[in-house]
Amino acid sequence: MPASDPTPRNIAQAITEVSEKASLLVREEIELAKAEVTARVTKLAKGAVVGIICGVFFLFALIYLLQSLAWGIWEVTGWNSGYWFGFLVVALLLILLGALAGALAYKAMKAGSPPVPEMAIGEAKKIKETVAGQDVAPSPAAQPTVRGVS
């Protein structure tokens, strides 16, 4: 049989070959996607670990800065026996900043909750009004016409 003869066997063989190659292509695309995702997740994990380490160092630095601030306030005020005053000022400053951050967080949470899809609800109401506003009887263009009958 010549190769150009379109017999059912040649057509079936071609369909099988195309199917196998398509299946192979899909499997290779899935493997490529897995490899890409794995590489990105690995990079993200490394970045997260470095970020956490950075945060720990900044936390310890903040503790030492707050200690320095407290001792500095005590020294500037000149109270020889009341070193607690510097720590009190720093503590009150931290409470004030914490209250401010809490108020901002409350405002942000209140503005974002409950999460209601307002645009989708508005569109649904418009669609409902449009559908409800249409006449129940079909328009004359939609009615079938029969010739010879009036």
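The values are calculated or read from the model by the stated rules, or taken from the named source; none is laboratory data. Quick caveat, the model's predicted, so the values are computed rather than measured. Neighbour counts are summed over all protein chains in view; Cβ atoms, including those assigned to glycine, are modelled from backbone coordinates with ideal geometry.
Data for the structure
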{"read-out": "Odd one out for residue 23 among (1) modelled with pLDDT under 90; (2) surrounded by 10 or more Cβ atoms within 10 Å (Cβ to Cβ); (3) over 39 Å from the mean Cα position of the chain (by Cα); (4) not charged (D, E, K, R)", "value": "(3)"}
{"read-out": "Condition check for residue 9: assigned to a helix (DSSP H, G or I), more than 30 Å from residue 84 (Cα to Cα) and modelled with pLDDT under 85", "value": "yes"}
{"read-out": "Residue match in the stretch 65-85 (condition: out of contact with any helix residue (DSSP H, G or I) (no Cβ under 7 Å at 6 or more places or on another chain) and hydroxyl-bearing (Ser, Thr, Tyr))", "value": "yes"}
{"read-out": "Count of residues meeting criterion [hydroxyl-bearing (Ser, Thr, Tyr), more than 22 Å from residue 66 (Cβ to Cβ) and not in a helix (DSSP H, G or I)] in the stretch 82-133", "value": "1"}
{"read-out": "Test: residue 98 is modelled with pLDDT of 90 or more and either among the hydrophobic types (A, V, I, L, M, F, W, C) or over 23 Å from the mean Cα position of the chain (by Cα) (or both)", "value": "yes"}
{"read-out": "Qualifying residue in the stretch 64-79 (condition: among the charged types (D, E, K, R), surrounded by 10 or more Cβ atoms within 10 Å (Cβ to Cβ) and under 30 Å from residue 90 (Cβ atoms))", "value": "yes"}
